[in-house]
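Report on the following structure.
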Amino acid sequence: MSDSEYRENSQYSFEPDARGASEKAHGTNSVPAKSGSRVARLFIFVIVLAALVALASYASRWKKGILVRGFVVDDVSMISEREIVSRLIEFKGRNLEQLDAKELKKRISTIPYLRDAEISKELNGIVRVRVFEREPVAITVIDGEQMAIDREGFLLPEKREMVDRYPKLLKVEGITRLQVAGNGLRQLDRHDVDLIRHFLTALLQTEYASLLVSEFHLEGNNMAWCITAHSPIRFIVGNDGNYKEKLKKFEIFWKKVVSKKGFDSYETVDLRFRDRIFTRDPVSPVVPQDASL
């Protein structure tokens, strides 16, 4: 090989590149730095975890020492707060954590106007009772005692708070089938409950009938009927539903006939048949005749 050829190839130097050497140097030094960072994070994590465990342990011991200080009752209107608290007062002073919410709920479940309740325990020693009351939809008289009927057909004793809140309830007569439910309350037969509820739903949707009809009478053989406070006429609506249409016919007949002929012009008005209304005239009292000569 000539000298010129040797000089041409000498451009390929075997000396380490300065930039590469620098990068290698930095790379070698970064390994201990990253390793140290991981150790530091792990150490902090262990400390935080230990603190949380200690805090949870302390909180658990602290909760076990909390006693029931009192009761707070929310959302009552017809049930008095005193009535509920009086049934729970024996639990005051007991350990809050060991208190069984189901047991408390059972203690108040027989209050007539109580439909349901949510019981929660607060860390300040207060037991909070959220009340869901029954909603009366009608009234009736059973064994000489006036009672309210709720949406599920339970009979509730009349009380002033109920009358004040629901002053214009429909009166229901003719109740004969009753059973005692698990909460100790008497309850109407399911068929009768559905019948009353369907009639009420249709009645509340009317324009005038809801202002006139005052009583609804249960009757077998598809002969349920209603009356108004102004007239003794029995308007037969039956037991087979379709009360919206029947009450519409009631309104038309009342305006066009009863209001003109008089409130006692008929004994019964039968609204059960489509596109037809059947009436019965009142029976005149029989006047005894004098047969003497």
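Miscellaneous remarks
- Selection within segment 73-119 - of a type in the set (Ser, Thr, Tyr) and either assigned by TED's automatic domain parsing to the domain that holds residue 150 or crowded, with 17+ Cβ neighbours inside 10 Å (or both): 113
- Residue match in segment 159-166 (condition: surrounded by 14 or more Cβ atoms within 10 Å (Cβ to Cβ), acidic (Asp, Glu) and assigned to a loop (DSSP other than H, G, I, E, B)): no
- Strands (runs of 3 or more DSSP E) completely within segment 204-277 that count 1 or more residues being of a type in the set (Ser, Thr, Tyr), surrounded by 12 or more Cβ atoms within 10 Å (Cβ to Cβ) and under 38 Å from the mean Cα position of the chain (by Cα): 213-217, 225-228
- Residue match in segment 142-149 (condition: in a loop (DSSP other than H, G, I, E, B), surrounded by fewer than 13 Cβ atoms within 10 Å (Cβ to Cβ) and acidic (Asp, Glu)): yes
- Per-region count, segment 170-197, residues among the polar types (S, T, N, Q) and either exposed (fewer than 13 other Cβ atoms within 10 Å of the Cβ) or assigned to a helix (DSSP H, G or I) (or both): 2
- Residues (basic (Lys, Arg) and touching a strand residue (DSSP E or B) at 6+ places or on another chain (Cβ under 9 Å)) located in segment 186-243: 186, 197, 234
Results for (1) at pLDDT 95 or above; (2) hydrophobic (A, V, I, L, M, F, W, C), shown as yes or no for each residue.
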| site | (1), (2) |
| --- | --- |
| 92 | no, no |
| 101 | no, yes |
| 106 | no, no |
| 122 | no, no |
| 129 | yes, yes |
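The values are calculated or read from the model by the stated rules, or taken from the named source; none is laboratory data. Note that this is a predicted model, so its numbers are computed, not measured. Ideal geometry is used to build each Cβ from the backbone, glycine not excepted, and the neighbour counts take in all protein chains shown.
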